[in-house]
Amino acid sequence: MRSTTSFAAVAATGTWTDPDGVRRPAGEVHAWRGGTNQTVCGLSLHRSRLGRFPHVTWDDVQPATGAHADEVARVCPRCAAGMGRRRDERPWVRTRPRP
Ligand SMILES: [Zn+2]
């Protein structure tokens, strides 16, 4: 599997509305790429009854750092594995020492 972008939105088992009237994910959250009907880990949105949150990014729901993770009970580990590598992985590292 190959991904052309590291961006993903969110699909979740629950929902709540924040004080600004914006729908936010709750419960278990999965990464979801807009335009597909399944999560990054391969769950069917329909069959698993997951709500779509195209306006919420995967980064937003990370309990450690996200701005909208208040009601998130669980982050899907398979989606996290599928999404997680980009901050630690450096695609280009200059290791060649100067003479
Ligand atoms: Zn998942």
Under 5 Å, built H, 5+ apart or other chain: amide partners of residue 15: 26
Radius 14 Å from Cβ of residue 70, net charge of other residues (Lys, Arg +1; Asp, Glu -1): -1
J(HN,Hα) series, segment 13-20, from Karplus relation 6.51 cos²θ - 1.76 cosθ + 1.60, nearest Hz, glycine and proline x: 7, x, 8, 8, 10, 7, x, 8
Residue exposure sequence - 30, 55 - by fewest surrounding Cβ within 10 Å: 55, 30
Ranked list, fewest to most other Cβ atoms within 10 Å of each Cβ, for 15, 39: 15, 39
Proxy reagent accessibility, fewest Cβ within 10 Å first, across 22, 72: 22, 72
Sum of side-chain charges, residue 42 neighbourhood, beta-carbon under 13 Å (Lys, Arg +1; Asp, Glu -1): +3
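May I ask for the net charge around residue 16, where only other residues with Cβ less than 9 Å from the Cβ of residue 16 are counted and Lys, Arg are +1 while Asp, Glu are -1? The partial results should precede the final answer.
Details: positive: 23, 24; negative: 18, 70, 71.
Once all neighbours under 9 Å are counted, the net charge is -1.
Laboratory data are not the source of any read-out in this text; all were calculated from the coordinates shown. All values derive from a computational prediction rather than experimental measurement. Glycine gets a Cβ as well: all are built from the backbone with ideal geometry, and neighbour counts include every protein chain shown.
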